Amino acid sequence: MTLDQAPATDARGPFALSLQGAAKTFGPVIALADGTVQLAAGEIHALVGENGAGKSTLVKILAGLYHPDAGEFLVDGEAVAFRSVADSKAAGISVIYQEPTLFPDLTVAENIFIGRQPKGRAGLISRTAMRRQARELFATLGVPIDPDRVAEGLSIADQQIIEIAKAISLDARVLIMDEPTAALSGIEVERLFAVARSLRDRGAAILFISHRFDEVFALCDRITVMRDGRYIATHETSGATVEQIVREMVGRDIATLFPKEDADIGDVVLSVVGLGRAGVFSDIDFDVRSGEIVALSGLVGAGRTEVARAVFGIDAYDRGTVTLLGSRLKPRDPQAAINAGIGFVPEDRRKQGLVMDLTVARNTALTLRNSLARFGIISGAREREASEKWSNLLQVKAGYQDLPVSTLSGGNQQKVVLAKWLATEPKLLIVDEPTRGIDVGTKSAVHKLLSDLAGRGIAILMISSELPEVLGMADRVLVMHEGRITARLDRADATPEAVMHAATASMEGAL
Amino acid sequence: MSETVTAPPPTGTISALAPKKRSRAARLLLGRDAIMIYALLVFVLYACISIPRFASPVTVGFLLLDVIPVLLIAMPMTLVIITGEIDLSVASIAGLTSALMGVLWQAGLDMPLVLAISVAAGVVAGAFNGFLIAVVGLPSLAVTIGTLALFRGLALVVIGDNAVANFPPDLTAFFTSKIGGTGIPTVMIGVLIVMVFFGVLLHFTPFGRGLYALGYSKEAARFVGIKVARSKFWLYVATGSVSALAGVYWTLRYSSARSDNASGLELAVIAAVLLGGVSIFGGKGSIPGVIAGVLLIGTINYALRLGRVSDVVLIIVTGTLLILSVVTPSIFASVRRWQHDRQVRNSLPQVTTSGSTRAEHPAH
Amino acid sequence: MTTTVQPTGSGTPTPAASEKRNIIGSVMHLRELPVILALVALVLVTWAINPLFLSPQGVKDMLLNATIVMILAVGQAIVIITRNVDLSVGSILGLVAFGTGTLFVSFPGIPIVAVFILGMVFGALLGAVNGLLVTLAKVPALVITLGTLYIYRGLNNAWAGGTQYFADDRPEAFGNLSVDTVLGFPLITLMAVFVVVIVAIFMAGARSGRDLYAIGSDPDAARVFGIPVTKRVLLAFVANGVLAGLAGVLYTSRFNSVGATTGTGLELDVVAAAVVGGVAIFGGSGSVVGAAFGALLLTTITGALTAVRVDKFWQQAIVGVLILASIVIDRIASVRTARRLRVSEARDV
């Protein structure tokens, strides 16, 4: 069953939560155009969509963090307008995030009851009562966690369970789980699902956001698909197929989206052999050749970024070697990597890619600071000259040179990051989520640029969570799952299903 | 969990509005540093006109002699604070140096050897801070509170409650001598060298470029190959060394080596650096601004003293200036944010993009 | 959802065995443990070398010396736990102490209780100024209180000028507070202990006290959870002001003279006491009891050095070593916690 125009009620009666036509804009950027999702009591409802489809904006509206510009928001059939997280909580909505925020110094019990600890004698907090109630909650969930230990050092899975315990103690009727399984192991996912099912059976409405189709189909009763900030459709899980959902999520023909032009594939530039780091990734082997774009795909938390950071020398590794153009790279030394000819466009522009308070020129020239210096002295003029050369290439406007990068749009900021690495004339460029959070126009400009760079013989290692980007740009796709490479696909073999299958590989055994 | 959600700076999220354009010259003339320098000039002008006896070489001499210790230590301190760290132990290092000088001189060592050992002690003290902060990775605030007590304590151990005053008269006379009739103390030449050294280091070298990046974001700095621990270590060695020089100056200028020399100076230095426009959060600030800040506090204090304003009120001025210098920008920032928000609300959203904004608010 | 859990005061007893294990376990993990052990070791060693150290007079001196720093350290701990700091406490103490002297001279016969109340109100006002500046201007407390350190000291200077008030300016009963003892404990020390107990109960047992820990643990999260951060931080500064005010009044009782420079430089001793007592400098953990023990340890060192005839000039150096040692111990503990993390986090240096 497909509900193109989702009605306010259906056979399930008034919805526990109903959001229709919600919109949210930030300046000129529309984060959500038509956010629609309707949860019935006693169902687990999946929300799926690519990165940037507007899911997280929708969740933030439900959580009371954002106030929608338009749309109808009903809880138990009554219109609500949340001004804060507290309002949302009071209405019985609890959100479990992928990485919950607990107070690391407080005990588990206190994290559950902060601000509403049970009181005993003389109006003071009764630790005995608090501990007992926490135990009871964990007993209900069937998960033993010591209520007296501090939250610091708990696994993410346990932290989520604590958030769920908190939600139950708050008498929450709507539970929103925002990609809860991204950082969990197979057994932990099973435990979470068992908890979710038992909550559903007791009448809770659960919104489950995930990229893993196997989980969605195994757990959820209905599926709502979003794309480009809009509601697309809602399906009964029993009547839907993975192919159908993927088609609706992507909504266009992947092959023609971002075509990488053919380039002459040359010699091996980067060679990674047997790279491993305990508990993070292991047995990583791959090559990247000049003119080639190799995508490192997989789910968030699969270890893609960690591998790239180890290659570049930001993080240490325990085993294996990294070789660039035939010579071994010194571990844990980014400067050596830069000197050898590697550039790294990191995933977090604001914290890793740029120094937001510095000007465009300073940022661009930061990678060149040693080579620009004459007798140890850098002149601002030479810096600007170098910066202008590379920013012009990327069409960053000349007038921007002296502006702090914080005043530029996301797309222009990303161009500055690219410019500062191109300025080093790298042999290998690592790009981590190169088009995250930038507008469509700049996005295709970035893709064209990456294609051109490959054409000029640069080897590119790309990490991306966007399937169309991976499939459109990569000559080869390496799929990672739980710290290992689970598939190596050539362009011809790389279909959405094949990548998704490899990315969630061991899940099928677990469920 | 070590993962804490830090609030992003207020700018940038909603940034697609056309950035305000100003010419380079305008920005230079309207920047934070320039304002500090104007404030200094305006005050000097005002003092010259309205305070009798202010406009004279004598003023220049005494004023500079008084501010030299703060001026010296403020130079490396600026770099330390720009990287987002702090060093509270500077005055104790100066005190330790002074005590060592006294004891070694008393013991009959040659003056050059006395100076060398004393300054070396400062270098070692700085390296000790640097080791604990940069290599072991302990918080600088806590470490330097500890070494503040430790180094001052060692000064006491070295010299007890004695005072050594019999330094060679020609040496102490040199330290208060002036260049010709200008009233400028001869030692200002040395101070100038230190100022130029740190000014060039911060503003015109790859190392200095790296410090700003480091102060804004350790991650961003590491991605461009900056060696975070090593840079910080050397900065603490620098504060230690310069503090030792200040200790030497203090001892010879007042011709007195005591364990409590320069005590409390750390707060005066930090106040001057922050007044000079260095952000306590790191990533922002400049040497010219700091020099103007130090001189402004020094001049105001001197002028008030000349103007018969009670000595004791002077520190109120220091405190008020410090608070104003940090509170004012934050008031301006909130006004600007409010204006910006209104502007955004008034501007109609253009329908251009898909919904790929990751509005980076603290998510949970 | 059906499993509503109603807070009820009493209820089913938990298994005794697990309680016992919990108690032993939590004692082992007490952040106050190192400072208490160090204090016990210091006292025992000193006593072994010089038995006079634990004579009634020796104990009395030890406690008298600790009292004022102890009260200040408790107040400072409240502020540090919220991830702030108050460097102006020495100046607040100075102002209140001089104010106390002035009160006794200007209003002879004023009830001592009134003096205490006025002193604490005065301290509260000065603390509130700090708190308001920190919370409203959103500037780090380190900078603001460095500024007020100067301003309060300047006001003290301006007010006092060259004036000093001496012990004979005050009623005898007031001075006797720091002379008379109950069961060997000086009266003002008993007051300090009372303060420690009250504040400790508040910090551990009141919801708003726990909020302070949450704020220090993660200020942004605390805001999102709906904890009134501004109000609570202000409360912490005011409480610290009240305690600094109390310390100021007691200072006037304990010491012979108060004037323009009373309490200068105390702030770093106080912060040091809190840090040595296991209060994490970046907030969120530690306790006021630990801070009080930290103060006791630091002030006892001086007496202990005299008792064992070590040069008293070593005292401050030892304080420095103790501060560094407690930071290192803290770091070792957190490294051990980090090692237990299932997902190894490689981002920090």
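None of the figures in this text is laboratory data; all of them are computed from the coordinates on show. Keep in mind that this is a model prediction, so the values were computed, not measured. Positions of Cβ are generated from backbone atoms using ideal geometry, with glycine treated the same way; all protein chains shown enter the neighbour counts.
Values as computed for the structure displayed
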read-out: Peptide ranges A:92-103, B:237-248 listed from the most packed, as the mean C-beta count within 10 angstrom indicates; value: B:237-248, A:92-103
read-out: Cβ-based charge dipole, segment B:29-348, positive-most Cα from B:331, B:228, B:56; value: B:331
read-out: Segment A:125-130 - phi-based ³J(HN,Hα) in whole Hz, Karplus 6.51/-1.76/1.60, Gly and Pro as x; value: 4, 9, 5, 4, 5, 5
read-out: Top of C:278, C:58, C:286 by mean-square fluctuation, Gaussian network on chain C, Cα under 10 Å; value: C:58
read-out: Spin-label pair residue B:30/residue A:116, simplified geometry with 7 Å Cα→Cβ offset, distance in nm; value: 5.1 nm
read-out: Peptide-level mean, for B:208-221, of C-beta atoms on other protein chains within 10 Å; value: 6
read-out: Sequence-distant residues sharing a close amide H with residue A:457 (under 5 Å, placed H); value: A:291
read-out: Backbone HN-Hα couplings from phi across segment A:442-459 [Karplus 6.51/-1.76/1.60, Hz, Gly and Pro as x]; value: 5, 4, 6, 5, 5, 5, 5, 4, 4, 4, 4, 4, 4, x, 8, x, 7, 8
read-out: Chain A - share of DSSP beta bridges that are antiparallel (%, nearest 5); value: 55 percent
read-out: 5 angstrom amide H check on residue C:30, placed H, neighbours 5+ away; value: none
read-out: Paramagnetic reach from residue B:306 in segment B:166-191 [backbone N under 20 Å; point 7 Å along Cα→Cβ]; value: B:177-186, B:188
read-out: J(HN,Hα) series, segment C:287-298, from Karplus relation 6.51 cos²θ - 1.76 cosθ + 1.60, nearest Hz, glycine and proline x; value: 8, 5, 5, x, 4, 4, 5, x, 4, 4, 4, 5
read-out: Listed residues C:332, C:68, C:81, most fluctuating in chain C (Gaussian network, C-alpha, under 10 Å); value: C:332
read-out: Order of A:390, C:314 - criterion: other Cβ atoms within 10 Å of each residue's Cβ, fewest first; value: C:314, A:390
read-out: B:249, B:236 arranged by Cβ crowding within 10 Å, fewest neighbours leading; value: B:249, B:236
read-out: Signed unit charges on C-beta, dipole axis of the protein assembly as shown, positive-most listed residue C:190, B:89, B:271; value: B:271
read-out: Computed over segment A:356-425, the ratio Rg/Rh where both radii use C-alpha atoms and Rh is Kirkwood; value: 0.95
read-out: Principal-axis tilt of helix C:33-49 within chain C, Cα atoms, nearest 10 degrees; value: 50 degrees
read-out: Theoretical FRET efficiency, 1/(1+(r/R0)^6), r = Cβ-Cβ of residue A:316 and residue C:335, R0 22 Å, to 0.05; value: 0.90
read-out: Cβ-Cβ FRET estimate between residue B:332 and residue B:204, R0 fixed at 35 Å, reported to 0.05; value: 0.75
read-out: Partner chain coverage, peptide C:129-141 - average Cβ within 10 angstrom; value: 3
read-out: Cross-link table A:427/B:218; A:55/A:89; A:89/C:138; A:119/C:231; C:60/C:231; A:330/A:389, entries beyond 29 Å C-alpha to C-alpha; value: C:60/C:231; A:330/A:389
read-out: Cα long-axis angle, helix A:410-422 against chain A (0 to 90 degrees, to the nearest 10); value: 40 degrees
read-out: Over segment C:32-343, relative contact order from alpha-carbon pairs under 8 Å, at least 6 apart, %; value: 36 percent
read-out: Packing rank of A:34-42, A:139-147, where each peptide gets the mean count of other beta carbons within 10 Å, highest leading; value: A:34-42, A:139-147
read-out: Label-point gap, in nm, between residue B:281 and residue C:198 - each point 7 angstrom along Cα→Cβ; value: 3.8 nm
read-out: Calculated FRET value between residue B:161 and residue A:382, using beta carbons and R₀ = 45 Å, to 0.05; value: 0.20
read-out: Cβ neighbours within 10 Å from other chains - mean over C:308-321; value: 5
read-out: Computed magnitude of the charge dipole of segment A:336-422 (debye, nearest 20; Cβ of K, R +1, Cβ of D, E -1); value: 80 debye
read-out: For a label point 7 Å along the Cα-to-beta-carbon line of residue B:66, residues of segment C:143-165 with backbone N under 18 Å; value: C:150-151, C:154-155, C:157-158
read-out: Interchain or long-range residues, amide H under 5 Å from residue A:344's placed H; value: A:430
read-out: Protection proxy ranking of C:167-176, A:414-423 - average other beta-carbon atoms within 10 Å, highest first; value: A:414-423, C:167-176
read-out: Principal-axis tilt of helix A:156-169 within chain A, Cα atoms, nearest 10 degrees; value: 30 degrees
read-out: Calculated [θ] (222 nm, deg cm²/dmol) that DSSP helices of n ≥ 4 give over the protein assembly as shown, each run adding -39,500 (n - 2.57); value: -17500 deg cm²/dmol
read-out: Relative contact order, percent, chain A [alpha-carbon distance under 8 Å, six or more residues apart]; value: 16 percent
read-out: Trypsin sites (Lys or Arg not before Pro) within segment A:294-381: DSSP coil, no more than 15 neighbouring Cβ in 10 Å; value: A:332
read-out: Spatial extent of the protein assembly as shown: Rg and Dmax, with the Cα atoms as the point set, Å; value: 32.6, 102
read-out: Net lengthening on full extension, residue A:236/residue A:425 (0.36 nm per residue, minus Cα-Cα); value: 62.8 nm
read-out: Packing-based exposure ordering (other Cβ within 10 Å, fewest first) of C:335, A:273, B:294, C:289; value: C:335, A:273, C:289, B:294
